[in-house]
Amino acid sequence: MKMLLPATLLTLVAGTAGAQSLNGIELGLTGGYAGGLSGEFFVHAPNVVGPIGVKAGVAYTRAADAINDSAPTGLGPGSLATYGDLKKPTSQGGLGYTESGSHTVASLDGTYSVGELAPGVGAALYAGGRYGMFRSDIGDSSQRTSYSSNAFGLGAGVMLSYALTGGLSLVGDLGVDTFFQSGITTNDNRGNTTTTNPGQGDYNTVSNIFVRPGTVFKARIGVKTTF
C-alpha cells in the first residue's frame, strides 16, 4: 500500500496535467512536524491553467501522543483509574503498558503560484481535500488494544522554494489540516472488533481514549526536483 500510493499520485497528477508534457512536474520530499515527527512525498504539476496547478501527496506521521493518559479506564477508583496509570511500571502499581500510533494522510490540492518573492525564491498557495488513516494501540507483549479511524478533512497552506542548482530546490511547507468526526474501530487482538460511530452513546468515551488529529498545524522542510 505504501509503495502503491506514490505511484498512484504521480499518475493522477500527470493525468490532471492533460496535454501538458511532463516538463515542469515537481517531485518533492519534506520532513518536519505535524502532530509528531512527520514526512511527506508530493507530486506537483504547476501552471496547468495559468498560475493554477495541482498537487498530490502522502504524509506519514509518528504520533507523539497516541492514547489520552487522563481518560478513565472504567476500572473504578484506585491505582488503575486512568490510561496513564496503566503505563506506569509495575513497581508503581501500573501494568507497564506502552503506546504507539501513526497518521497517514493522502492529500489532493489546487495550487496558485504567487511567483517570485525575491530572486530565486518562489511561493505557491494550496488548498484541498484530505483523507486520513489514524491508528493507535496500547498494551504489553501479551495483549494490546488498537484503535483506528479513517476521516475526510480539508487543508491549506503555503509552499516556499529556493532554487539551489539545476532543477533542485529547497522547499518549505507551512499549513494546517482539519479532519471531521468519523467512526472508531476497536480491536482487542483476541478476535473482538467493535465500530463506534458519531452519535452513538459510547462514542465520546471511546473518542476520549483515542488521540487522533482534529486540527493539525504542520511545518516541514525538504527538497524538490523539477523535470
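The table that follows gives values for the structure above.
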quantity: Some residue of region 100-109 being over 30 Å from PHE152 (Cα atoms) and either in contact with a Gly (Cβ under 8 Å, 6 or more places away or on another chain) or acidic (Asp, Glu) (or both); calculated: no
quantity: Residues located in region 92-116, provided they are under 22 Å from the mean Cα position of the chain (by Cα) and hydrophobic (A, V, I, L, M, F, W, C); calculated: VAL105, ALA106, LEU108
quantity: Residues located in region 92-105, provided they are polar (S, T, N, Q) and surrounded by 13 or more Cβ atoms within 10 Å (Cβ to Cβ); calculated: THR98, SER100, SER102, THR104
quantity: Selected residue (criterion: nearest to GLY32 (Cα to Cα)) from residues of region 68-96 that are touching a Leu at 6+ places or on another chain (Cβ under 9 Å) and in contact (Cβ under 8 Å) with a residue 40 or more places away in the chain; calculated: LYS87
quantity: Matching residues in region 54-91 - criterion: being within 22 Å of the chain's Cα centre (by Cα) and open to solvent by less than 30 Å² (accessible area, probe 1.4 Å); calculated: VAL54, LYS55, ALA56, GLY57, VAL58, ALA59, THR61, ALA63, ALA66, ILE67
quantity: Failed item in (1) among the hydrophobic types (A, V, I, L, M, F, W, C); (2) part of a loop (DSSP other than H, G, I, E, B); (3) within 30 Å of LEU168 (Cβ to Cβ), with ALA106 passing the rest; calculated: (2)
quantity: Wholly enclosed strands (runs of 3 or more DSSP E) of region 6-87 bearing at least 3 residues within 30 Å of GLU116 (Cβ to Cβ) and modelled with pLDDT under 95; calculated: 36-49
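Here is a yes/no grid of residues against (1) within 22 Å of THR194 (Cβ to Cβ); (2) of a type in the set (A, V, I, L, M, F, W, C):
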residue: GLY74; (1), (2): yes, no
residue: GLY78; (1), (2): no, no
residue: VAL105; (1), (2): no, yes
residue: VAL114; (1), (2): no, yes
residue: GLY128; (1), (2): no, no
residue: ARG144; (1), (2): yes, no
residue: LEU160; (1), (2): no, yes
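The values are calculated or read from the model by the stated rules, or taken from the named source; none is laboratory data. Quantities reported herein were computed from a predicted structural model and do not represent experimental measurements. Positions of Cβ are generated from backbone atoms using ideal geometry, with glycine treated the same way; all protein chains shown enter the neighbour counts. Side chains included, ligands, DNA and RNA excluded: accessible areas come from the protein's heavy atoms. Shrake-Rupley method; radii C 1.70, N 1.55, O 1.52, S 1.80 Å.
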